[in-house]
Amino acid sequence: MEKKSCMILALDVSDREEALKIAEDVSEFVDAVKVGYPLVLATGLGIIRELSEFAPIIADFKVADIPNTNHLICEQVFEAGADAVIVQGFTGRDSLDACIEVASEYGKDVFVVSEMSHPGGAEFLQPVGEAIARMAAQAGAFGLVAPATRPERVKAIRKIIGDKLTIISPGVGAQGGKASDVIAAGADWVIVGRSIYRADSPRKAAREIAAEIEAGPNGEN
Ligand code: O7E
């Protein structure tokens, strides 16, 4: 995944035509498109290959099962044409290893959720987030998912993993995070959904967030 705009679109719409139109319209301003349950359950797994015409696809299935089931899920995801898969870290090292093994067979990437961006993310996951980040680094994951709503947590996780892993960070806009703050805290990419796909002009919204990232937290870049 090439880092240009430092932005990933979370395409959580449920209509195929709308999804394809938004992806095409914003492709100039995003480095990847994240596809998850809302879109895949509504339209089918084939949407991944259709969207891959516009950008690399990150399949957000937050895979969280025993190693054998994780293995089977990841095979389906990569056969469908995804460039990366998002998995949960709390299921432990063997479950994560199963995902990384399949990803490396296909030459693809694994992102591990260390902690989540919503208020409930602080309840159970945050206290173990740093341990999950360490495990993901040791296991050889490509990246971590860390919360844009708490830039200080992104900073803490970056300190732990150094440059070993990339960080993708959801929670910008609709959940209150500011893109340039999160990049300054150490994220490689922000993930943005509603602020783009619900805008009157998704293209204009994506262009504005990309410009804000480029300008930096105080517009000084
Ligand atoms: O709030 P939005 O509309 O900008 O969308 C954010 C997207 O990121 C949405 O798809 C949601 O499911 C996802 N997300 C979070 O918001 N918080 C998290 O902690 C984790 C994710 C996520 O995608 O996990 C894998 C990246």
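Given H placed on each backbone N at 1.01 Å, which residues far from F61 in sequence or on other chains put an amide H within less than 5 Å of it?
Long-range HN contacts for F61: I86.
Do any trypsin sites (Lys or Arg not before Pro) in the stretch 1-105 lie in a loop, going by DSSP, with at most 14 other beta-carbon atoms within 10 Å of their beta carbon, and if so which?
K3, K4
Helix-only estimate, please: 222 nm mean residue ellipticity of the chain, summing -39500 (n - 2.57) across DSSP H runs of length 4 or more and dividing by its residues, to the nearest 500.
-13500 deg cm²/dmol
Ordered by residue, what ³J(HN,Hα) values in Hz, to whole numbers, does the stretch 45-51 give under the Karplus form 6.51 cos²θ - 1.76 cosθ + 1.60, where θ = phi - 60° and Gly and Pro are x?
5, x, 4, 4, 5, 4, 6
Work out from phi, with θ = phi - 60° and the Karplus expression 6.51 cos²θ - 1.76 cosθ + 1.60, the ³J(HN,Hα) of each residue of the stretch 33-41, listed in order in whole Hz, and give x for Gly and Pro.
For the stretch 33-41, the Karplus curve yields 10, 9, 10, x, 4, x, 6, 5, 5 Hz.
Quick check for me: using +1 on Lys/Arg Cβ and -1 on Asp/Glu Cβ, what's the dipole size of the chain about its Cα centre, in debye to the nearest 20?
Around 580 debye, computed over the chain.
I need the shape label for the stretch 1-64. Rule: rounded when a/c is under 1.5, else prolate if a/b > b/c, else oblate, with a, b, c from the alpha carbon gyration tensor.
In terms of gyration-tensor shape, oblate.
In the structure displayed, which of K62/K178; K4/K62; K21/K159; K21/K164 lie more than 30 Å apart, Cα to Cα?
K21/K159; K21/K164
Quick check on packing: order 52-58, 37-43 by the mean number of other C-beta atoms within 10 Å, highest mean leading.
Put in order of decreasing packing, that is 52-58, 37-43.
What relative contact order, as a whole-number percentage, does the chain give when Cα pairs under 8 Å and 6 or more residues apart are counted?
Result for the chain is 19 percent.
Quick one: Karplus J couplings for the stretch 172-179, per residue in order, coefficients 6.51, -1.76, 1.60, θ = phi - 60°, nearest Hz, x for Gly and Pro?
7, x, 3, 8, x, x, 10, 3
Using Cα pairs closer than 8 Å and at least 6 residues apart in sequence, work out the relative contact order for the stretch 38-120, in percent.
29
From the C-alpha coordinates alone, can you work out the Kirkwood hydrodynamic radius of the chain, in Å?
Radius from the Kirkwood sum: 17.2 Å.
Read-outs: derived from the displayed coordinates by stated rules, not from any lab. What you see is a predicted model; the values in this text were computed from it and never measured. Ideal geometry is used to build each Cβ from the backbone, glycine not excepted, and the neighbour counts take in all protein chains shown.
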